[in-house]
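The values are calculated or read from the model by the stated rules, or taken from the named source; none is laboratory data. Here the structure is a predicted model, which means the values were calculated and not measured. Ideal geometry is used to build each Cβ from the backbone, glycine not excepted, and the neighbour counts take in all protein chains shown. Only protein heavy atoms, including side chains, enter the accessible area calculation; ligands, DNA and RNA are left aside. Shrake-Rupley method; radii C 1.70, N 1.55, O 1.52, S 1.80 Å.
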Amino acid sequence: MPTNKSTNQPTADPAPKKKPQVTPSPERRRELLGTAAEVFAAQGYNATTVRKIADAAGMLAGSLYYHFDSKESMLDEILSAFLTELWQGYDTVLAAGLGPRETIEALVTESFREIDRHRAAVAIYQKESRTLSAQPRFHYLSDSQQKFEKAWLGTLERGVAARVFRADLDIRLTYRFVRDTVWVAASWYRPGGQHSPEEIARQYLSMVLDGIAVRP
C-alpha cells in the first residue's frame, strides 16, 4: 500500500474508475434486429448462433451482448414487433365495417404491406412458429394464429351468408389456400422490386376472388 511521505502513514488506494455503461441507441438496436432476422430466416433459428449474427453485423459476439442478452431475446423482439404491427393493421380493417369482399381485399393488401416491411420476420414465422409456440415465451404465436384464423374464417363465412362468395365453398380449405398463397410470397418478395405491395395484392386478389366470387 502506498504511504504518505509527510506522515509516513499508509494512504488508501484511489477508487477504481467505473467503466462507462453502453446504452444502445434505438437505431442501432433496430439495425441489429434486422440483421438477426435475415440470418434467422436464411439459416433457421436452431442453426443460428450469436456468433453468426455478430459476424453478419460486423462485430464481435461479445459486443452483441451489450445490446441483447440472448438470441432468444432477439427473436422475441423480431416476432412480437411484426405481429403487433400486423394486428394494428388487421384490427383497423376488421373494425371498418366493410363488406366481406372488401374486407378480404383489405386484409390481403395489409398482409403484403407487412411482407414488404417485415419480410424476414414473416419467413421466420412461417418456418418456426409451430415449434416455437410450444415454448412459454412464444405462446403468443399460438394465440395470434387462432385470432388470425378466426378473422379470416369469419369473413369468408359472412361472405357466403351474404351470397358474395359461392355457397359450395369449403370455408376452411379456402382460408388455408388464401393464407398460404399470400404468406408464401415472403420466400421470394424483395422490397424495392418491380411491383409495389399494393400492386402484388391487386394481382393476387384478381386471381383469388374471380374464383370464389358469385358470378352474375
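Two decimals is fine: what's Rg over Rh for the range 51-96, C-alpha atoms, Kirkwood radius as Rh? Don't jump to the answer; show the numbers that get you there.
Numbers: Rg = 15.6 Å, Rh = 12.4 Å.
Ratio of gyration radius to Kirkwood radius: 1.25.
Using a simple spin-label model with pseudo-atoms 7 Å out from Cα toward Cβ, A213 and H139 lie 4.3 nm apart. Taking every alpha-carbon pair within the range 162-202, the share separated by more than 16 Å comes to 52 percent. Between E198 and D170, the FRET efficiency from the beta-carbon distance, with R0 = 30 Å, is close to 0.55.
If I stretch the segment between W188 and M59 completely, what's the gain in nm (0.36 nm per residue apart, minus their alpha carbon distance), one decimal? Let's see the in-between values first.
Details: separation 129, 0.36 × 129 = 46.44 nm, distance 2.84 nm.
The span from W188 to M59 would gain 43.6 nm if fully extended.
Once the Cα-Cα distance is subtracted from the 0.36 nm per residue extended length, the S70 to Q88 segment shows a gain of 3.7 nm.
Taking Cβ atoms as reference points and 10 Å as the exclusive limit, the residues near R190 contribute a net charge of 0, counting Lys and Arg as +1 and Asp and Glu as -1. Seen from G89, the other residues with C-beta closer than 9 Å to its C-beta sum to a net charge of -3, counting Lys and Arg as +1 and Asp and Glu as -1.
Taking the C-alpha atoms only, the angle from helix 71-94 to the longest principal axis of the chain is near 40 degrees. Identify which of the listed values of Cα Rg over 2.2 N^0.38 Å was calculated from the structure shown: [x] 1.23; [y] 1.49; [z] 1.00. Evaluating Cα Rg over 2.2 N^0.38 Å on these atoms matches [y]. The apolar share of the surface of the range 162-216, taken as the fraction of accessible area on carbon and sulfur atoms (1.4 Å probe, ligands and nucleic acids excluded), comes to 55 percent. Any chance you could give the angle, 0 to 90 degrees and rounded to 10, that helix 26-43 forms with the longest Cα principal axis of the chain? With both axes taken from Cα atoms, the answer is about 60 degrees.
Compared with the dominant Cα axis of the chain, that is its longest principal axis, helix 139-161 is turned about 20°.
Under a 1.4 Å probe, what is the accessible area of the chain per residue, stated in Å²? Show your work: numbers first, answer last.
Working: 12900 Å² over 216 residues.
Heavy-atom accessible area per residue stands at 60 Å².
Here the peptides 186-195, 63-72 are ranked by packing, the mean other Cβ count within 10 Å, and the order with the highest first is 63-72, 186-195.
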